[in-house]
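The values are calculated or read from the model by the stated rules, or taken from the named source; none is laboratory data. Everything numeric in this text was worked out from a predicted model, so none of it was measured. Note that each Cβ is placed from the backbone with ideal geometry, even for glycine, and that neighbours are counted across all protein chains shown.
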Amino acid sequence: MLPRILSMTVVVAFLVGCAATGPKPSEVKASFPELAADQGRIYFYRTKSIFGAAVTAEIRLSGEAVGRSTRGSFFYADRPAGNYEVASSTETEKKVTFVLEAGETKYIRTYVGLGLIVGRIIPELVNTEEAEKDMAELAYVGATK
Amino acid sequence: MVRSARMLLIVASLIVTLGCARDLRREPTEMTALDASEIRVIRVAEAVTVSLDSGYSRSIAAGSQWRSVGQISMGTVFKPVGQVFSIEGAHVHEAYLVLQGNNLVAFYLPGERKVNALGTPVVIKAN
């Protein structure tokens, strides 16, 4: 009986997590500053999928913490053109490497993959059209830096 | 109880196996940018699926367009037009195609300036 209750508690804890709150892209994007000529913009987002909803983790852009992967949220970071690496570690680390060109916008979606204990936050590159559609109902939470 | 423990062990092994993909083999390379007069755009006529040395596979969609951007020792590098393309192993890497004639021979990883060579070239039908 006890193992069953324990298992159910773990499953519920894994699934339950509040979605982020904040303005939608349509409400805030106009207020975002224009890109400097030598910079590109990277959006980070996570959909409202309830799988692993309670799992959150810090997102690092080439080693620098820029925000957290939380359910239903997005934020962005402007950076000079160059090569970048996005990582988010939970029990294991999965990275994305990409090039950012001046004036370019890249989209990184994070999602929760199966893990041994708490699940893993996995980042992936997403096409503009798909990302804009995904992000339409998400909450802007702002970057750490 | 023993059965439950065995089940747990199987699930745990599965998760560990799924979560630990092999990393892609990558070698440093130098890309020389093409002159404006050398740049061309190709359109893939038929979808192809490429098996990677990480164990993953990746499809190149029919209708996708690719612009030549540079040259490396293995061939000409083509960047996707209006799309982002990536390949996956233990990690995810943005990737461009490296073509020798009609053969896809490697993926160029612009974020690392490295190349992932294919064991067997894949014919790309493009126009």
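Data overview
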quantity: Strands (runs of 3 or more DSSP E) completely within segment A:46-142 that count 1 or more residues being away from chain B (no Cβ under 13 Å) and closer than 22 Å to B:Leu24 by Cβ; calculated: A:57-61
quantity: Among the candidates A:Val55, A:Val86, residue that is within 18 Å of A:Gly142 (Cβ to Cβ), touching a Lys or Arg at 6+ places or on another chain (Cβ under 9 Å) and either buried (at least 19 other Cβ atoms within 10 Å of the Cβ) or at pLDDT 95 or above (or both); calculated: A:Val86
quantity: Residues being outside any loop (DSSP other than H, G, I, E, B), touching a residue at least 24 places away in the same chain (Cβ under 8 Å) and either surrounded by fewer than 16 Cβ atoms within 10 Å (Cβ to Cβ) or not small (Gly, Ala, Ser) (or both) - total across segment B:53-69; calculated: 6
quantity: From B:Glu94, B:Glu112, residue being farther than 19 Å from B:Asp35 by Cα, surrounded by fewer than 22 Cβ atoms within 10 Å (Cβ to Cβ), of a type in the set (Asp, Glu) and at pLDDT 95 or above; calculated: B:Glu112
quantity: Segment B:79-102: number of residues that are in contact with a Leu (Cβ under 9 Å, 6 or more places away or on another chain), more than 9 Å from chain A (Cβ to nearest Cβ), farther than 20 Å from A:Gly103 by Cα and in a strand (DSSP E or B); calculated: 3
